[in-house]
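To keep things clear, I will list the structure first and then write my remarks on it.
The values are calculated or read from the model by the stated rules, or taken from the named source; none is laboratory data. Computed from a predicted structure; not experimentally measured. Ideal geometry is used to build each Cβ from the backbone, glycine not excepted, and the neighbour counts take in all protein chains shown.
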Amino acid sequence: MKAEVIQQRSLLELADLDAELSQIEHKSRHLPEQQRFEKAQADHREANDRLAALRLALDDLDAQIAKFESEIEAVRDREDRDRKMLDGGAINAKQLTDLQHELETLQRRQSSLEDSLLEVMERREELQARQDNELVTIDELESELYEAQRARDDALAVIDQNRHQRVSRRDELTAGLDADLVSLYERQRANGGAGAGRLQGRRCGACRIEIDRGELARIAAAADDEVLRCPECGAILLRVKDGN
Ligand SMILES: [Zn+2]
């Protein structure tokens, strides 16, 4: 295949653009800003999960508190009733002993219920403090999430702009290139490597392998418009020099 030196130079620019485009793709997939954003999302989600668990635990404690309070109330009512009967005086000795015994039992029960209530209220206070802390944390994480998202979007916008510039230039170059040359280039690229590379001294710019003397002699003897391939990787081997 033949291609004018000007065509070869455009092809080299195309290969450089494609190398830059794959760097841009790699960069966009490994953005530290994206990692920061994902970490902020995960931290925020975890804090909200902890908050939800705390709210459930607090609801449970509130139910326990209400239950103890109503039990204490019932015991107190019973004590009041017993005391009124004692104060009324219209009871016999057996009833007096029974009532005094019941009052002692009720007082022990009340004291035990009050101890339990105190324990639950202390536990509630502790969880309430943790909930307050969690809310502060979530506030901070929301700011971080917002900042991280903005930084990620900014980074992606820069990448998009860079990609767009190169894709536009790529379209221009491809439109000006010989269709057979482009299709040879694309076929070679489809194999996974670079489609074309500059001959740099004795090395192929696409695969970086040194070309042996015999091949180099053949390359040196070839006409400028001869389309050469790297004997190692098959890339189109371009002999154009910068400003040439
Ligand atoms: Zn090569």
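What are the residue pairs meeting all of these: first residue in region 225-244, first residue at pLDDT 95 or above, second residue away from the ligand (no atom under 13 Å from the Cβ) and assigned to a loop (DSSP other than H, G, I, E, B), Cβ atoms under 7 Å, and 6 or more apart or on different chains?
Correct list of pairs: V227/M1; V227/A3; L228/A222; I236/V227.
Mind counting the residues in region 217-238 that are more than 15 Å from L14 (Cα to Cα) and assigned to a loop (DSSP other than H, G, I, E, B)?
Final tally of qualifying residues: 10.
Which ones in region 185-216 are assigned to a helix (DSSP H, G or I) and either surrounded by fewer than 20 Cβ atoms within 10 Å (Cβ to Cβ) or touching a Ser or Thr at 6+ places or on another chain (Cβ under 8 Å) (or both)?
E186, R187, R189, A190, R213, G214, E215, L216
Sort out which residues of region 162-215 are closer than 23 Å to I24 by Cα and touching a Lys or Arg at 6+ places or on another chain (Cβ under 6 Å), and write them in order of number.
G195, G205
Does R9 qualify as being of a type outside the set (A, V, I, L, M), touching a residue at least 24 places away in the same chain (Cβ under 8 Å) and within 30 Å of L199 (Cβ to Cβ)?
Taking the combined requirement at face value, the residue satisfies it.
Yes or no, residue by residue, for (1) within 16 Å of the ligand (Cβ to nearest atom); (2) touching a residue at least 40 places away in the same chain (Cβ under 8 Å); (3) touching a Gly at 6+ places or on another chain (Cβ under 7 Å):
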position	(1), (2), (3)
E144	no, yes, no
A155	no, yes, no
Q165	no, no, no
S183	no, no, no
A196	yes, yes, no
R208	yes, no, no
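When you go through (1) part of a loop (DSSP other than H, G, I, E, B); (2) surrounded by 12 or more Cβ atoms within 10 Å (Cβ to Cβ) one by one for R130, which number turns out not to apply?
Result: R130 passes all but (1).
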